[in-house]
Every structure is written in C-alpha cells, then in structure tokens.
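Note sheet for the following structure.
Each reported figure results from applying straightforward, stated rules to the coordinates on display, with no laboratory input. The shown structure was predicted, so the numbers you read here are calculated from the model rather than taken from an experiment. Cβ placement follows ideal geometry from the backbone for every residue including glycine, while neighbour counts extend to all protein chains displayed.
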C-alpha cells in the first residue's frame, strides 16, 4: 500500500500538474505541496477536498485508510474550531470596546457643548 505522500504525488503527476500549478490552484505555497508529497505534513480537510476534486480521485483513494492522516485531520479540524471560537470572542470584545469608545466620544462632545 502506497503512502499518502506518494498517492498525492502520483495523482498530481497523472494530471500533468507541477507542484507550482497545484499551489496556484489551491492558493497556497508550493512548499506546502512539497511537504505533503514528502510526508512531512498533511493537507487539512479543506485542501484534501480540493485535491480530490483537482485530481479526480476520491478522498479514500488519496488517503487509503491512513490512520495517522485521519488523526492529523481530526486534530487540525479541532484546532480550527478552537481558533474560530477564540476569534469570535476577540471580535465580540472588540465590538463591545468600540461601542464603549463611541459612547465616551458622545459624552466628550456633549460636555464640550454644554455651557459651564
């Protein structure tokens, strides 16, 4: 059974695409493609879906029951969810702070208008 790395490389070559071609289509670096094809990293789920479409192979064909990749994808997806939740909190805090700043600005302007 071939590794995921060799499956990705073979699928790319079968479609007559260079690593740079794939990187351009996926809007990522060529180095990412190289890491995937050399087994130093795995594509995340979104990129795996795009690769499946691009190479016209099912995700199962690309992954070939590779448990390590499945674990890595699961970990990546969990990290993405956590990061999105954290960004949501930050956005909420920024929005609340912006409202507070706006209220302070109104108070400053009102105090400048009101005669003493």
>> Can you give me the angle between helix 4-14 and the longest principal axis of the chain, using Cα atoms only, in degrees from 0 to 90, rounded to the nearest 10?
In response: 80 degrees
> Where does the chain land on Rg/Rh, using Cα atoms and the Kirkwood Rh?
Replying inline: 1.37
>> Using Cβ contacts closer than 10 Å as the measure, can you line up 42, 55 from fewest to most?
In response: 55, 42
>> To make sure I understand, if each residue's beta carbon is the centre and we count other beta carbons within 10 Å, what order do 114, 108, 4 fall in, fewest to most?
In response: 114, 108, 4
>> Students often check this: by mean Cβ neighbours within 10 Å, which of 81-89, 6-14 ranks highest, and how do the rest follow?
In response: 6-14, 81-89
> Taking only the alpha-carbon atoms of region 26-85, what semi-axes of the equivalent ellipsoid follow from 5 times the gyration tensor eigenvalues under a square root, in whole Å, largest first?
Replying inline: 18, 14, 12
> So how far apart, in nm, are the two label points at residue 90 and residue 103 if each is 7 Å from Cα heading toward Cβ?
Replying inline: 2.5 nm
> If we count other beta carbons within 10 Å of each Cβ, what is the order of 15, 40, fewest first?
Replying inline: 40, 15
> Using Cα atoms only, what is the angle between the long axis of helix 45-55 and the major principal axis of the chain, expressed in degrees (0 to 90) to the nearest 10?
Replying inline: 40 degrees
